[in-house]
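The structure under discussion appears below in the form of structure tokens.
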Amino acid sequence: MYNFALLDENTKREVRRALLKAIAIPGFQVPFASRELPIFYGWGTGGLQISLSVIGKNDILKIIDQGDDDSVNAVNLKRLIQATTGVQLTTDVFDATLIQTRHRIPEYSLDSKQVFVFQVPMPEPLRKVEHRETETLRMHAEKDYGKMYVKLYEDILHHGEITLAADYPVLVFDRHLMAPSPIPRWDIPKLNMAENLFLFGAGREKKIYAVPPYTKVEPLSFEDHPFSVERSGHLACVFCGSTSSYKNEIPSAGGEGQVYACSDSFYCQSQRS
Amino acid sequence: MGYVGVKGGKDAILNAEKVVEYYRCRKGGASIDIEQIKNQMRFLVDKVMSEGSCYSTDLAAIALKQAEGDPMEAAYLVRAFRSTVPRIAYSLTTKSEEMFCLRRISPSFQHIPWGQVLGPSKDYSQRLIRFELADEKELSIDPPKKEDNSPLDEKVEKVIDYCRKQGLIDWPEKKPEQVPYDITRQPMVFPLDRSARLQRLTRGEDGAVLAFGYASLRGWGSVHPTLAEVRVGYLPVKIKHPYWGTEVTVGQVLVTEVESICSFEKKKIKIDGEEQERYTFSLGYGLIFGHNDHKAVAMSILDRALCSADPQSPVQDQEFVLYHIDNMESQGFISHLKLPHYVTFQSSLDRLRNIKAGKEKGSRKINKGEAYV
């Protein structure tokens, strides 16, 4: 009933063409005619359309949501891709050739043979300061990012701290401002000069963009207010004890305290054994 | 105290599927027949075809059954299916005078050629619950009789064409037959051209189209039209024969069509090289699959509102209306809030706690590895 990897070949070709353009212009959002898929828009359809368009029979697939291989939506996406391609699944970040993610980059670094696909809810970093697309297009074209710097400056002025938490805006290749998808700031440095290819798909917003290997990716900051990552990364994991991985907080019953645990489930497992 | 990471995502979703199926079937009894849905839930079927953007009463009825009557979910099922089906051809332009009308009214003129025909309209019915329907067992009815001898298959002249002949509205520009802008195959780039806008509107969510149209009518968009005509009927679908190149009718679709006469505009046109000013009414157009008067009327209002060169209110703004009118997109993104957000929320917690710590203890910086508490 359905084609290999669900999408028809013309659709896959269209997505791959958009990907090539995206790779050629790092951080630039390429519009594409995103399809409706058997899962909701907003639930990873952009990442899924990329994965389905680049996947081959010999790929080994890993999908994580919040860093976790066993999270409900990650499992659901894996079910769909496996049912329509029959590819091998893995949780091992070193074995995977294609990795799709929501909200995290794995703690272990990736290599040049791996393709990393992000699910992106809001591809436009300037949407926080300008709601019109015709205007954000102009701003990108003219590299007019003043409004964003003003927002960060006003945050510091009013609150003593930048309020943007995850999905922190980055400048790619000294040219395009880019939304890294809602990864924590902890993961932002992993985008810079990485060995692997990063692909970003926003299905509902119908945009594709990319960070090719060895590309400079810099979070916005000021000389006197440097970029900082979340502190939970340095707290000890209650399971594996790691003090250098992003943690989620586990509230205790009664609300009196909390412990912290790695959000990257494969990393945590491998630290324990 | 021991903590256990939450595992078993796969089991959880498989079990949820079983529970959903249990709820669909739990009371036993006869399964609803697809024909019953098609025949007795026609407005629901029409809504699913319109928002699902796919004309098939069978598919819509199966989807409704699977979705247990949720029209949004059913429309989603239909859309997800249609996006896997390749495009074979685009239909040729059909003139809507060719419509076989079931209903046609004009609020603009009392007496119109071919007359006002209410057809299957609930406009003047009294909304009283008919409790006797609870005990209805069998459906059986004689068709209403037509009392005059006027022919049924004649083309019905359009009210809007009378206005055009009178010079009150401009004739549309004649353009050669062309492949339309296809919003399911071409990226949306703003400003969108009118054919793409009409496609976004016609498959828009019923309630959203209605709400935006209503907002315009109330003054957030300055379109308060007089309807030239509301029609419900069957339009032929014609394509070019792939081998012979001739025009072939391949089927028909039930549609609701509305033409709205909107405020008049001053246009500058050139007649014999001389620039002249001319006043004409502007036009709004609505056309949707199935029978749904209010959606077609609201669509015609929005079509006009989105033609504004200088948007003054949100409903005249293409991005505001067209980005937010689609059921699949709005429903999907609103629903995604139910997905885990542990990582991003942790990041927000970090910011808030840091700001609080800074405010409470001067500008004390928390060191690496130090908790906030």
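The values are calculated or read from the model by the stated rules, or taken from the named source; none is laboratory data. It should be emphasised that the depicted structure is a prediction, and the values quoted were computed from it without experimental measurement. A quick note on method: Cβ atoms are made from the backbone with ideal geometry, for glycine too, and the neighbour counts reach across all protein chains shown.
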**Asked** Looking at B:T280, is it closer than 14 Å to B:M99 by Cβ and either at pLDDT 95 or above or not assigned by TED's automatic domain parsing to the domain that holds B:G52 (or both)?
**Response** no
**Fill in**
In region B:290-312, anything assigned to a helix (DSSP H, G or I), of a type in the set (A, V, I, L, M, F, W, C) and more than 12 Å from the chain's Cα centre (by Cα) is listed as B:I301, B:A305
**Prompt:** touching a Phe, Trp or Tyr at 6+ places or on another chain (Cβ under 6 Å) and assigned to a loop (DSSP other than H, G, I, E, B) - does that describe any residue in region A:140-155?
**Reply:** no
**Item:** Among residues of region B:95-106, those that are surrounded by fewer than 15 Cβ atoms within 10 Å (Cβ to Cβ) and part of a loop (DSSP other than H, G, I, E, B), counted
**Value:** 1
**Item:** Single residue of region A:74-127 satisfying the filter (in contact with a Lys or Arg (Cβ under 7 Å, 6 or more places away or on another chain), within 14 Å of chain B (Cβ to nearest Cβ) and of a type in the set (S, T, N, Q)) that is surrounded by the fewest Cβ atoms within 10 Å (Cβ to Cβ)
**Value:** A:T91
**Asked** Could you list, in sequence order, the residues of region A:83-128 that are part of a loop (DSSP other than H, G, I, E, B) and of a type in the set (A, V, I, L, M)?
**Response** A:V87, A:V93, A:A96, A:I105, A:L110, A:V120, A:M122
**Prompt:** Pairs under 9 Å by beta carbon, first residue free of Cβ contacts under 8 Å to residues at least 60 places away in the same chain and small (G, A, S) in region B:180-208, partner crowded, with 19+ Cβ neighbours inside 10 Å and not in a loop (DSSP other than H, G, I, E, B), six or more apart or different chains?
**Reply:** B:A196/B:L322; B:G207/B:N327
**Request:** Those residues that are in contact (Cβ under 8 Å) with a residue 24 or more places away in the chain and assigned to a loop (DSSP other than H, G, I, E, B), I need them from region B:48-72; list them, please.
**Result:** B:S53, B:C54, B:Y55, B:E68, B:G69
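A quick yes/no check of all residues on (1) assigned by TED's automatic domain parsing to the domain that holds B:I183; (2) within 29 Å of B:K175 (Cα to Cα); (3) among the acidic types (D, E):
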| position | (1), (2), (3) |
| --- | --- |
| B:R87 | no, yes, no |
| B:S91 | no, yes, no |
| B:F109 | yes, no, no |
| B:P113 | yes, yes, no |
| B:V117 | yes, no, no |
| B:L128 | no, no, no |
| B:F131 | no, no, no |
| B:K145 | no, no, no |
**Request:** Six or more apart or on different chains, Cβ under 9 Å: which pairs go from a residue in region A:132-147 that's assigned by TED's automatic domain parsing to the domain that holds A:V30 and of a type in the set (S, T, N, Q) to one that's surrounded by 12 or more Cβ atoms within 10 Å (Cβ to Cβ) and assigned to a helix (DSSP H, G or I)? Could you list them?
**Result:** A:T134/B:Q318; A:T134/B:E319; A:T136/A:P125; A:T136/A:L126; A:T136/A:R127
**Prompt:** Across region B:309-356, what is the total count of residues that are at the interface with chain A (Cβ under 8 Å from one of its Cβ atoms), in contact (Cβ under 8 Å) with a residue 40 or more places away in the chain and among the acidic types (D, E)?
**Reply:** 1
**Answer residue from region B:73-91, given it is assigned to a loop (DSSP other than H, G, I, E, B) and of a type in the set (V, I, T) and is nearest to B:P236 (Cα to Cα) among those** = B:I88
**Request:** Among what's in region A:1-54 and is hydroxyl-bearing (S, T, Y) and under 22 Å from B:D326 (Cα atoms), pick the residue that is surrounded by the most Cβ atoms within 10 Å (Cβ to Cβ).
**Result:** A:Y41
**Request:** Would you check if there is a residue in region B:318-336 being surrounded by 19 or more Cβ atoms within 10 Å (Cβ to Cβ) and in a loop (DSSP other than H, G, I, E, B)?
**Result:** yes
**Complete:** Filter region A:140-186 for residues that are within 13 Å of chain B (Cβ to nearest Cβ) and charged (D, E, K, R); the one that is surrounded by the fewest Cβ atoms within 10 Å (Cβ to Cβ) is A:D155
**Prompt:** List the pairs whose first member sits in region A:90-118 and is at positive phi, whose second member is hydrophobic (A, V, I, L, M, F, W, C), and whose Cβ atoms are under 8 Å apart, counting only residues at least 6 apart or on separate chains?
**Reply:** A:H103/A:A166; A:H103/A:I183; A:H103/B:V343
**Asked** Taking A:D174, is it closer than 29 Å to A:L48 by Cα, assigned to a loop (DSSP other than H, G, I, E, B), of a type in the set (D, E) and at pLDDT 95 or above?
**Response** yes
**Asked** So which of B:S222, B:S150 ends up being more than 29 Å from B:D317 (Cα to Cα), part of a loop (DSSP other than H, G, I, E, B) and polar (S, T, N, Q)?
**Response** B:S150
**Prompt:** Scanning region A:225-261 for residues that are outside any loop (DSSP other than H, G, I, E, B) and more than 10 Å from chain B (Cβ to nearest Cβ), which turns out nearest to B:T344 (Cα to Cα)?
**Reply:** A:P251
**Prompt:** Looking only at residues in region B:203-228 that are surrounded by fewer than 23 Cβ atoms within 10 Å (Cβ to Cβ) and touching a strand residue (DSSP E or B) at 6+ places or on another chain (Cβ under 6 Å), which one is nearest to B:T184 (Cα to Cα)?
**Reply:** B:L227
**Prompt:** Looking at B:D142, B:D182, which one is in a loop (DSSP other than H, G, I, E, B), closer than 22 Å to B:G284 by Cα and modelled with pLDDT of 90 or more?
**Reply:** B:D182
